[in-house]
Amino acid sequence: MVNRLADSVLDSTETGRAAALRQARDRDTYRAGHVGLRLLLGAYLGVPPVDVPLERLPCPLCEEPHGRPVVRGNPVHFSLSHSGGLCLLAFASTPVGVDIEAIPDAAVAEEVGACLHPRESAELSDFRAEDRPAAFARAWARKEAYLKGLGTGLGRAMSLDYVGTARDAAATLPGWTIGDVAVDDGFAAAVAVQG
């Protein structure tokens, strides 16, 4: 059903991005997330999903048109993330970002964890080895949700902002509320809302 809907509601950019994904599961997840996004935005706006006017704001770091996605001329803010067959969507009246991540293996958590804020890297070393990947994924999802909300994505260094690694700890950054989202085992997810 999603593929049939995808053919009728996704634009050429979305169709091209989906086609470029190598794994069938990734293509299906991308299509499902973008179809869901267009269906919900269409319902909010009272227009057919195919007519939702999506565009990208300029990046706050370089002014190129790859910043936060928006609905042209409308105040509804949204964010979309997908990983491992799961999608996460958020809608708000202010800028919002979401991220969902599959919990990585220990080697990835160790290597990439060194790129986080120095306090987060230190916190990771305090976790038992078997708990470290989940703690890393929590911090990564929180941080990426925040960066998506800002519109910078991974263009902003992951070491600049502290969001923490502890379970059930709401992160605070000036002007933002960041919290974890309950998802399936094996994943971590977060939402960041401005204001």
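Going through region 104-125 one residue at a time, which ones are open to solvent by 30 Å² or more (accessible area, probe 1.4 Å), assigned to a helix (DSSP H, G or I) and either of a type outside the set (K, R) or closer than 23 Å to D184 by Cα (or both)? Those that are open to solvent by 30 Å² or more (accessible area, probe 1.4 Å), assigned to a helix (DSSP H, G or I) and either of a type outside the set (K, R) or closer than 23 Å to D184 by Cα (or both): A106, A107, V108, E110, E111, V112, P118, S121, A122, E123, S125. Within region 47-93, if we keep just the residues that are in a loop (DSSP other than H, G, I, E, B), closer than 26 Å to D7 by Cβ and modelled with pLDDT of 90 or more, the residue that is least open to solvent (accessible area, probe 1.4 Å) turns out to be V52. Filter region 167-190 down to residues that are surrounded by 13 or more Cβ atoms within 10 Å (Cβ to Cβ) and among the charged types (D, E, K, R), then give me how many there are. Total meeting the criteria: 1. If the condition is being among the hydrophobic types (A, V, I, L, M, F, W, C), assigned to a loop (DSSP other than H, G, I, E, B) and either open to solvent by less than 30 Å² (accessible area, probe 1.4 Å) or out of contact with any helix residue (DSSP H, G or I) (no Cβ under 6 Å at 6 or more places or on another chain) (or both), then region 126-166 contributes A129, A157, M158, L160, V163, A166.
The values are calculated or read from the model by the stated rules, or taken from the named source; none is laboratory data. This one's a predicted model, so the numbers in the text were calculated from it and none came from an experiment. As a convention, Cβ positions derive from the backbone with ideal geometry for all residues, glycine included, and neighbour counts pool all protein chains shown. All accessible areas refer to the heavy atoms of the entire protein, side chains included, with ligands and DNA or RNA removed. Shrake-Rupley method; radii C 1.70, N 1.55, O 1.52, S 1.80 Å.
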